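Every number in this text was worked out from the coordinates using simple rules, so none of it is lab data. Since this is a predicted model, take the numbers as computed values, not measurements. Using ideal geometry, Cβ is built from the backbone for each residue, glycine included, and neighbour counts are taken over all protein chains shown.
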Amino acid sequence: MPLIRKEFVGPTKPNEADLQQATAALRSGTAQERWDAARSLGAQPEAAGVLGEALASERDWRVREAIFTSLARLATVESAEAVVRYLRSDDAGMRTSALDALRDMMPVVRALLPALLADPDPDIRLLCCDLVRELPAADATDLLCTALERENEPNVCAAAVEVLAEIGLPAALPILEKCGARFSDQSFLTFAVKIAAERIASQPLAC
């Protein structure tokens, strides 16, 4: 009797069953099941959207943290964009967790920072000045100088100046001078600019 060969049919999508099961648990499971699902989805590149959506309705803080951790583990443009949405949250804890997650995937977030530093919302611009602190000094100086040249909110300028005071390079000095002149009526900012410029100018010259 001749052998009948069966055609091999591969999976239509890697780990599709696991993804579907974890997605269902994340949406309607118990707190423990949602936590387990959030953790497992950190190994599923397709799960960034699901994880981001779940944050909008999740009330258990432990599950939220697991979701943020998994989004950071994915470290894709999609997962970073999912986290960025929660910088706009009214919940201070959510904003803090979002910043922490973004810090953990800075190689991906770097490409988003120019747009974030030009965001219409000054609170977003201010928060993202702190993210720039995680970049190499040259990148940070370039981004913050570009932001300072167009920034019209003193508090955002102060946040950028604070970071430049820590890691800024001499290329920032003329930009700081112009910023101080534009906001000469803001004593707190002119003082911050003076301190930042002094610190940068005192750096030893590279050999």
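Structural descriptor for segment 117-207: relative contact order 27 percent, calculated from alpha carbon pairs under 8 angstrom and at least 6 residues apart. Over segment 117-207, one equal point on each Cα, no solvent: what is log10 I(q)/I(0) by the Debye formula at q = 0.20, 0.23 Å⁻¹? Treating every Cα as an identical point scatterer, log10 I(q)/I(0) equals -0.85, -1.13.
Evaluated over the Cα positions of segment 22-112, the convex hull gives a direction-averaged projected area, one quarter of its surface, of 4.9 nm². Semi-axes of the equivalent ellipsoid for the chain, computed as √(5λ) from the eigenvalues of its C-alpha gyration tensor and ordered from largest down, come to 45, 20, 12 Å. Remark: relative contact order (the chain) = 11 percent; criterion is Cα-Cα distance under 8 angstrom and separation of 6 or more residues. With the alpha-carbon atoms of segment 89-164 aligned to their principal axes, the span from lowest to highest coordinate is 30, 25, 20 Å, starting with the largest. Overall, segment 117-207 carries a charge dipole of about 340 debye about its Cα centre when +1 sits on the Cβ of Lys and Arg and -1 on the Cβ of Asp and Glu, all other atoms neutral.
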